Structure formats: structure tokens, C-alpha cells
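Notes to accompany the following structure.
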Amino acid sequence: MDRNRKRGRVITGANQSYRAYGASNARKKQKRSLSNRLRVLLALLALAALLAVVIVYALQGTGRDGVGRVTRIGATLSQNVMPFGSSVIFYDGTTLHCVAATGGNEWSYQIGTNADYDATESRIVAWSGNDLYILNSRGRLVYNNKMSDTIQFASAGEEYVAVFVGDPDSGVISVINSDGQTVDNITVANQTLLDIGFFKSVTTSSAQETELMWVLGLDTTGTVISMELQTFQPGKLSTGKSSLGEHIVYMVYDVGGVLNVVDTRQITRYNYRVIEQDSPTLIYGYTMQDVRRIGNATYQLLVPAQEQSAGSGINSVRLMYGDVDRVLHLPGGCLAAALGTRSVYGFAENAVYACRFGETAFSAYALPINVTAVLGMISDNRAVVASGSEIYVIELPA
């Protein structure tokens, strides 16, 4: 029956069926309205539940689509945080703590107040005043001694530890082997000691790789201040020495036994006798951000110096390895860049960009925290970052 005709007859007809029909029709409309409201309510509840799941997965890490777990490790930015193999080390003012990437405490060792430390993947050297501590990778003490004077800083190698004691401009470098024996005491005079490191190289006296030490200082004896690099074979004293000129050196790393010395203008390569090996690589306008050895290749990541110093954000990076030297453009401004085992990463405040080695395009991944600083990388493509004062470990896409 036509609905308009039926409604018209009911309204104009004064028969007994009016009340029954009107009541039935009202109940049907009410049921339909309740049913529609119930469906909307259920849909909203389902949407809220889905949103809650998304938030939980974002905060805890899903491992899906390359987005990994984000873990707060219980350290703060002021606690001298350092990547350490697959873990993170920090100093809370009295104690060194080693924390797993998943947040669990692996070990702790008390070293006292006003302390500092250096670490490789195999050992840690820590100092407080003139107290020296050497720990293995499991946090067990393997050496402890009171040095003759205040420790300025120390550096750890695989077989040796170097400790600089005395005044900043005049003192002694003590070299200690893995048995706790002091094999060298090298006097430092007429220069400001800046850094000490270790590297392995074949020498004329040995066909096998030997751990050597390099020392970087600022020569203050001349009319013009200049940088100076020396090398030593522990137990056999100096193996080489060279003036590097007035350009400020801010990084030294080795590639296959060759020292790569990075200053504000170029990368110069020296053998273990500090003899220049080949033509320098010009990097003027760039700052070395990260270096990583992967297989037989050494990857070097640079960022524009002007963008970094101005704090305006890094918009491109320069990647060098083998015969490759290319500039990669980031999708957006970043506060830092780093190298993984397969990719270059750019870190923005709420996103990370990843570009595979050999490719030129970045993919973007949202982050559930606001990144304010990048402290370095640990194994399995995990980044150690700060969000405000809190420290997190982020699993990155490979």
C-alpha cells in the first residue's frame, strides 16, 4: 500500500485502528533509532579501541613495517651517556651503570664522585682524582691503582690503556698493558695534549698487526700555534712525529692501519710513522659526523658545517666510501645524522629518515617521541637518543 495514501486515510479516518497503528509505527521508529545509535556507539568504541592499540604499539614498539621498539633506559642526558657495543653506559655521579638496549641493568660499579670514563667494546677505563679503574666488558675490575698525580684523562685500546696525569700542559702519559704493567711513561712538555687513541698496523719489525698509540697535541713553542701528531709502539717508544699545521684537527680514525686525520679543511692520511700517504681529500664546508667500518669498506658521513653551526637543521649529508662520494638530500630538516650497518639515517624531531647504501632516496618513519639529541648508535641498528632529559634506545629500520 502507498505510504502517503495510508497515512492520509489514517489521519482523516476516525476508525478504531488509528491508535493501534500509530503506536505500532512509533515503536518501530524508536527501535530503528535505538538500533542506529547502538551501531554508531559500537563503531565509536571499536575506533577508540583501535586507536588505543595503535598508541600502545607506537610507544612499546611493533617491529612492523620497519618501525622498532622505543625503550626508555632510565638515564638522563646529564649522566655522561655512551653507546657500548649492544648496550649503553652512563655515570650517575658515583656509579657506572651498563644497561641493555631493552632497559634492563647489566652491571654497576661504583667509582666515586667527579669521575669520568672512556670505553671500547672490550673494556672501560674510569678515573676519579688520581684513582684509576680498568673494567672488562662485564663490569669486573681488572686493574686499580692510585696514580702519582691528578688524572686529566685516559683512553682505552684493545690491549693497552693510556693515562695522562699531571697538569694539562705538562705531564706524563702512562701506558698500561692488559696485565696491569706500566710499559711506558712518556713526558709531555711544551704542548697542550688534546687526545690519545690506539690503532693496529703492520710495522717494519712485525709482519703481524700490532697495537700502536697516537697522540694529538697543540704545539705552543713557536710563534704560530700548530697541531702535532705522534705515534708510539708501547714498550718501544716513538715511531713517528709530524706537524699538521694550524688547521684544527677534531677527529682521528684508522682505516686498515692508516691514520685518517680530519681538520676543518681536509682529510689527510698517514702511515704509522706519520708519513703522508696520498693526496688529501678536501671536505671544506663539511664536518665529519660519523665513521663506520662495515665489511671491507669504511663509510664516512659528513654534514654541512654551516647548517650544523647555525642550528637551522641539516638538509643534506655527504656519504663517502670506496670510490663513492655523493650528496644525499634529506626530506626535511634534521638535527643529526648517523650510519647504520646498511643505511644512512637522518633524525628529525618526530621522524627518522633512512636511505640504504647505494640508493639516493630516503624513506620516512614516524617516531612516538620528540628527539632532541642523538648520542650515537649501538649494534643492530639501534640509536641512543635524548628526548628532553630522558634517554631512549630506538630500533631503526635496516
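The values are calculated or read from the model by the stated rules, or taken from the named source; none is laboratory data. Keep in mind that this is a model prediction, so the values were computed, not measured. Methodologically, a virtual Cβ is constructed for each residue, glycine included, from the backbone with ideal geometry; neighbour enumeration extends over all protein chains shown. Surface areas here come from the heavy atoms of the whole protein model, side chains and all, with no ligands, DNA or RNA. Shrake-Rupley method; radii C 1.70, N 1.55, O 1.52, S 1.80 Å.
Remark on residue 381: its backbone amide H falls under 5 Å from those of 341, a criterion applied only to residues 5 or more positions apart or on other chains, H modelled at 1.01 Å from N. Listed values for the range 99-109 are Karplus-derived 3J(HN,Hα) couplings in whole Hz (6.51 cos²θ - 1.76 cosθ + 1.60, θ = phi - 60°), namely 10, 5, 4, 8, x, x, 6, 9, 6, 9, 8, and x replaces Gly and Pro. Amide H contacts of residue 85 (H built 1.01 Å from N, in plane; Pro and chain starts excluded): no residue 5 or more places away or on another chain comes under 5 Å.
The residues of the range 96-197 expose on average 45 square angstrom of accessible surface per residue, using a 1.4 Å probe on protein heavy atoms. Averaged per residue, the range 214-353 has 46 square angstrom of accessible surface, using a 1.4 angstrom probe with ligands and nucleic acids left out. Entry for the range 338-398 at q = 0.22, 0.26, 0.27, 0.30 Å⁻¹: log10 I(q)/I(0) = -0.82, -1.11, -1.19, -1.39, Debye formula applied to identical alpha-carbon scatterers, no solvent contribution.
Across all Cα atoms of the range 118-188, the radius of gyration (one decimal) and Dmax (whole number) stand at 11.2, 35 Å.
Rounded to the nearest whole Hz, the Karplus-based 3J(HN,Hα) values (6.51 cos²θ - 1.76 cosθ + 1.60, θ = phi - 60°) of the range 215-231 follow the sequence 10, 10, x, 10, 6, 10, 7, x, 6, 10, 5, 9, 7, 9, 10, 10, 10, with x at glycine and proline.
Sequentially through the range 268-282, phi angles give Karplus couplings (6.51, -1.76, 1.60; θ = phi - 60°) of 10, 10, 10, 7, 5, 8, 6, 9, 4, 8, 7, 5, x, 9, 6 Hz, Gly and Pro residues having no value and appearing as x. For residue 106, the residues whose amide H sits under 5 Å from its own are 98, 99, 100, ignoring neighbours fewer than 5 places away on the same chain, with H placed 1.01 Å from N. Accessible-area rank, largest first, for 88, 291: 291, 88, with all protein chains present and a 1.4 angstrom probe.
When the solvent-accessible area of the range 242-386 is split by element, carbon and sulfur atoms take up 44 percent of it, the probe being 1.4 Å. Computed from label points 7 Å out along Cα-Cβ, the spacing between residue 284 and residue 181 is 5.0 nm. In a shell of Cβ-Cβ distance under 15 Å around residue 104, excluding residue 104 itself, what net charge do Lys and Arg (+1) and Asp and Glu (-1) give? Its environment carries a net charge of +3. Here the extension length gained between residue 141 and residue 258 equals 38.9 nm, from 0.36 nm per residue of separation less the Cα-Cα distance.
In terms of its Cα atoms, the range 276-398 spans 45, 33, 26 Å along the principal axes, sorted from long to short.
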